[in-house]
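Remarks on the structure that follows.
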Amino acid sequence: MTKKSNKTILIVEDESVLNEAYQITLAQAGYDIISAFDGKEALELVEEVSPDIILLDLRMPVLDGIGFLKEFDSEAHPKTKIIVFSNYDMQKEIDEAYELGADKYILKAWASPKELIKIVKDTLEQSD
């Protein structure tokens, strides 16, 4: 049985199959998981639970990742790390995401479940 880490990850991904896959992968690694399917829903969840990490898709309906980053109050959540991920190598959006406070960028196609767990673990260790 996997030991619980007491770290919370918010997954913000509009594709339900990917959202569920990330939830399963990270829950099996011992993390507490909450999820949203767009940036607006994620902003509401962040007010209820201050996650340790937000895995944020850039392309979503209602409110995309850049819109989320523009509205996210990093001063209210100073310990929250944001990992932006997308299926597209969109340099302009990636640069904008970093300018708005993203900590890392991952191209989804390159992130196997094992690599995703390592990226999350490394990000959490850097913030401790």
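Key figures for this structure:
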read-out	value
Cα-Cα pairs of segment 8-127 separated by more than 18 Å (percent)	44
Pairwise FRET efficiency - Leu124 versus Met90, Cβ, R0 = 22 Å, nearest 0.05	0.25
Within segment 41-61: backbone nitrogen closer than 20 Å to the Leu107 label point (7 Å, Cα to C-beta)	56-60
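Just so you know, all these numbers are worked out from the coordinates, no wet-lab data involved. Source: prediction; values computed, not measured. Every residue, glycine among them, receives a Cβ derived from its backbone with ideal geometry; neighbour counts consider all protein chains shown.
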